[in-house]
Every structure is written in C-alpha cells, then in structure tokens.
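Student: Sharing a structure below in structure tokens format, with a few things to ask.
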Amino acid sequence: MRARVTELESAPSQGVSPAGLEPVVAESAGQHSYDYLMALVSYVPNIFFIKDLNHRYVAMSKLAAQYQNTTPEAIIGRSERDIFPGEIAEKMIAEEVSVLSTGKPLEYEQELPHADGLRFFYTVKFPIYNTRGAPLGVGAFITDITELKRVEAERLAMKEQVIRAQQAAIRELSTPLVPLAPGVMAMPLVGTIDSVRAHEILETLLEGIARQSAHTAILDITGVRVVDTQVANALVSAARAARLLGARVVLTGISPAVAQTLVHLEAKLDGIITLGTLANGIAYALQDARSASKPAVGRGTPNTGGEIASKPRAPSLAT
C-alpha cells in the first residue's frame, strides 16, 4: 500500500497531472519550452489571445495586435473596455463570463469595426485551466472570414442571376410569341394558367403588340388543361388591353368541354373573336392582313386588267 501511495503521489512528475491532463511540452524541451510557447502565441496564423479572470490580455498573437494597428506589448494588461466601444466590450465580457461559468467553448460569427469598414470574424472562445483544474482565464482563436463572406455573396448573387435567367427562359417557353406575318402574331398556350402566369401572358402579349405594331394577336388555348373563371378573366383582360393598343385578339382551340365551361361560368368574352382551331385563326388573320394591304377596288379604280371594276357588294349573313 505504501508503495502504491508513493507511486500515485509521484504521478505529476511522471507526466500526468492531478486533473488528468497530459503534458503538452516534452521534457526534452527543458528551458526552451517557454520560448516555444511564446513563438506559438506570437506567430500563430490566427487572431489568438488569452485573458485572465479579470478579462485582461495576458498573451496575444502579432496578427491580433495588427488588427488594432498596434503591438502585443501595447495591449497586454488591458481589457476590452480599454480598446473597444462600450457596447462591443460588454458583449465580449459577457461571452467570456458564460464560457467560464459553463466550462464549454463558445463558437459564433460576428461583425467588428475596422479601419477599412466592418469585417466578419469566426470566433471560438474556450476556458483555460491550470494543472489542478482551476480556471485561469479564457483563450480565443478568431479567423477573419470577410473574404469568404465576399466570395459567398458573389456566389449567391451569381446563383440568383442564373435563377432569374432560367425563370425568364421558362417564361418565354411558357408564353411563346410567334410572329406569323407583318402585324400578325400567335401565342400558343399549354398547361395550367394561374394568376402569376396570367400576368406574364398579359405582359408578354402587350410588349409583343407594341414591339411589332401588331393588329391581330391569336391566343390558342388548345393545350390549356383547365379553363376556369381565372383563365376567362385573363383572356378578357388581354383582349381589353390589346384593344387599347389598337389590336384585336383571336381566340382559338376552344374544345366542346371548354365551351361548356365558359357557358357555365357565364364568361363574357367581349371583344374576342373565337375560332375552332389555330389553323382557322391563322387563316383568318392572314386573309384579313392581305385584304388590308391591297388597294381598295371600287368605282373609278382600275384593276389589274386595266378595266373599271364595280364596287364589291358586302357579303350577307344569308350567304
């Protein structure tokens, strides 16, 4: 028993502390151990510091001092209250009190003022104990992540730009505008029309009419799955807006089921010409465009044969 007690009492000198902490400096370091430790503290490539229980700096890396435009010697012995604005200093002290009271590291990101503006830092604060397990103070490793934040912001901006481009491409595919002839264009619609897409249809249609000086716009709903009040209102809104720009809307692709739905909804498609198929709509628009482009042939107007043609008789509903 005496031999065992003697062995346990001599444990610290054999490399194990009473608190169960293993030595961090080899015995061969001898008197140079302090130099090694100071070199580590001074040249660690991070913002690194140690504070005592009164929140005074007792050790600091050169990089940490450089961020304050000073030297470690000028900061050692001072506290946050001597360096930072009151609100920031009190926040730091509260964090260190929390680390000492819980005995657990604290990790977080923060913004701190700097000569060139706000900078972002990733901070890890941890408690420091002596070989007997008693608290000595708080240590901290802080990494400047401002550049990483900038790169991340640029990446997110690029991602948003790509997303916007994709959305624009999808809108163009979902609301294609096809020019058929001078003044005539068609927009075949496929899929479901919700409020967002109805707005896009109206916007694309009006922009196309204005850009191409169109007088006729064909909306083909052959591929529209569901026609409800929202779709009917969107079509009426498109027709009204087109009329304000001097164009008319031709609606094609109305199936029997869609026709029954429109009747059931009592949809008033005022100002919209309706035809059965897209082909009929194109033929109607092109024929009307050709008629508008020909010179009027009437009394006293020569035709291609050089003869005087009589004024054409307006067709009646009976024919």
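The values are calculated or read from the model by the stated rules, or taken from the named source; none is laboratory data. Nothing here was measured: the structure is a model prediction, and the numbers come from that model. Here Cβ is always computed from backbone atoms with ideal geometry, including for glycine, and neighbour counts include all displayed protein chains. Note: areas computed on protein heavy atoms with side chains; ligands, DNA, RNA excluded. Shrake-Rupley method; radii C 1.70, N 1.55, O 1.52, S 1.80 Å.
Student: Would segment 233-283 count as rounded, prolate or oblate if I go by the C-alpha gyration tensor, calling it rounded below 1.5 in a/c and otherwise prolate when a/b exceeds b/c, oblate otherwise?
Tutor: oblate
Student: For segment 136-273, rounded, prolate or oblate, judged on the Cα gyration tensor with a ≥ b ≥ c (square roots of eigenvalues), a/c < 1.5 rounded, else prolate if a/b > b/c?
Tutor: Judged from the Cα gyration tensor, segment 136-273 comes out prolate (a/c at least 1.5, a/b above b/c).
Student: Counting only protein chains, not ligands or nucleic acids, how are Phe120, Phe48 ordered by accessible area (probe 1.4 Å), most first? Walk me through the intermediate numbers first.
Tutor: Numbers: Phe120 65, Phe48 20 Å².
Sorted descending by solvent-accessible area, the residues read Phe120, Phe48.
Student: Once label points are set 7 Å from the Cα along Cα→Cβ at both Ala94 and Gln66, what is their separation, rounded to one decimal in nm?
Tutor: 3.2 nm
Student: Sort Phe121, Phe141 from largest to smallest accessible area, using a 1.4 Å probe on the heavy atoms of the protein chains. Mind dumping the intermediate values first?
Tutor: Values: Phe121 10, Phe141 85 Å².
Descending accessible area places them as Phe141, Phe121.
Student: Then there is this: Students often get this wrong, so check it: of Lys125/Lys149; Lys104/Lys149; Lys125/Lys159; Lys51/Lys149, which have C-alpha atoms separated by over 24 Å?
Tutor: Details: Lys125/Lys149 21 Å; Lys104/Lys149 27 Å; Lys125/Lys159 34 Å; Lys51/Lys149 28 Å.
Exceeds cut-off: Lys104/Lys149; Lys125/Lys159; Lys51/Lys149.
Student: Using a 1.4 angstrom probe with every protein chain in place, what is the largest-first accessible-area order of His199, His55?
Tutor: Greatest to least solvent exposure: His199, His55.
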